[in-house]
Amino acid sequence: MVSARVVLVTGGNRGIGHAIAKRFAAAGHQVAITSRSGHADDSDDLLVVTADVTDSASVDAAVSEVEDKLGPVEILVSNAGITKDGLVLRMSDDDFMDVIDANLNGGFRVAKRVSKGMMKGRWGRMIFISSIVGLGGQAGQANYAASKAGLIGMAKSFAKEFASRGITANVVCPGPIETDMLAALTDAQRDAMLGVVPVGRLGQGDEIAAAVEFLASDSAAYITGTVLPVDGGYSMG
């Protein structure tokens with residue numbers, strides 16, 4: 001039998017984050033998601049809390065609300081993030097730093113806040129949603145790639161700091177996934193992307209969710225500091 005846990009998924013109001021949240025809820029866990037607007041579709045079985053991960057006070061208030069209504073966060077899925085793409089010579093300092101602040105610093109703020117309850121309970125799972133772009137880079141996404149690569153180094157450091165307290169920290173790197181963002185691409189762009197995915201198709205949000213669910217389970221207690229690409233073979237090189 002799976003132990004019911006309190007789960008927090010940042011940026012869980014849409015896309016991959018929403019697929020992860022719904023999978024945990026379907027398995028019987030108590031699941032909260034953050035949304036900058038405080039709203040989310042298809043959230044009957046989810047607690048939706050307002051949070052801006054670029055603001056420490058907002059993060060503290062959101063996690064406090066989860067703790068008050070559900071209990072201490074035992075599983076964190078750090079998924080919230082933004083993109084502000086552009087070639088390096090045209091990318092402003094603000095566009096670079098805004099993405100770093102939301103994707104990397106935001107992940108730090110949330111993990112730091114929930115780690116207190118995990119340490120007290122001597123059990124916890126931190127899963128950071130990075131990207132294959134963080135492994136191999138991407139033209140026009142220097143800010144995004146830097147933020148997602150930074151999550152990997154940060155998670156490995158957390159893995160070493162928290163291991164003695166029964167807390168693991170791992171990273172999942174999605175490849176091209178069927179989301180609203182990819183749906184906005186042209187047919188030519190999608191075909192070019194599919195041409196370098198060995199399995200020949202886009203991934204589904206629930207396939208990322210399945211990997212996250214395993215890393216959050218009791219069965220994955222001996223896995224920490226790991227980077228798991230879920231990308232149809234895209235990152236093999």
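Report yes if S235 is in contact with a strand residue (DSSP E or B) (Cβ under 7 Å, 6 or more places away or on another chain) and either within 30 Å of G124 (Cβ to Cβ) or modelled with pLDDT of 95 or more (or both), otherwise no.
Against the criterion (in contact with a strand residue (DSSP E or B) (Cβ under 7 Å, 6 or more places away or on another chain) and either within 30 Å of G124 (Cβ to Cβ) or modelled with pLDDT of 95 or more (or both)), S235 qualifies.
Take the residues of region 124-141 that are in contact (Cβ under 8 Å) with a residue 24 or more places away in the chain and surrounded by fewer than 19 Cβ atoms within 10 Å (Cβ to Cβ): which is nearest to S164 (Cα to Cα)?
G136
Applying the selection to region 179-189, what residues are open to solvent by 80 Å² or more (accessible area, probe 1.4 Å) and either modelled with pLDDT of 80 or more or not in a loop (DSSP other than H, G, I, E, B) (or both)?
Restricting attention to region 179-189, the residues satisfying the condition of being open to solvent by 80 Å² or more (accessible area, probe 1.4 Å) are 180-181, 184, 187, 189.
Those that are open to solvent by 80 Å² or more (accessible area, probe 1.4 Å) and either modelled with pLDDT of 80 or more or not in a loop (DSSP other than H, G, I, E, B) (or both): D180, M181, D187, Q189.
Go through (1) under 22 Å from V114 (Cα atoms); (2) open to solvent by 50 Å² or more (accessible area, probe 1.4 Å); (3) touching a residue at least 40 places away in the same chain (Cβ under 8 Å) one by one and return the number of the condition A220 breaks.
Every condition holds for A220 apart from (2).
Checking V53 against (1) open to solvent by 50 Å² or more (accessible area, probe 1.4 Å); (2) part of a loop (DSSP other than H, G, I, E, B), which test does it fail?
Of (1) open to solvent by 50 Å² or more (accessible area, probe 1.4 Å); (2) part of a loop (DSSP other than H, G, I, E, B), only one is false for V53: (1).
So K156 clears everything in (1) over 30 Å from A4 (Cα atoms); (2) open to solvent by 50 Å² or more (accessible area, probe 1.4 Å); (3) outside any loop (DSSP other than H, G, I, E, B) except one condition, right? Which one?
(1)
The values are calculated or read from the model by the stated rules, or taken from the named source; none is laboratory data. A quick note: this is a predicted structure, and the numbers were derived from the prediction, not measured. In this analysis, Cβ positions are derived from the backbone assuming ideal geometry, glycine residues included, and neighbour counts consider all displayed protein chains. Ligands, DNA and RNA are stripped out before the accessible areas are found, and what is left, the full protein with its side chains, is counted by its heavy atoms. Shrake-Rupley method; radii C 1.70, N 1.55, O 1.52, S 1.80 Å.
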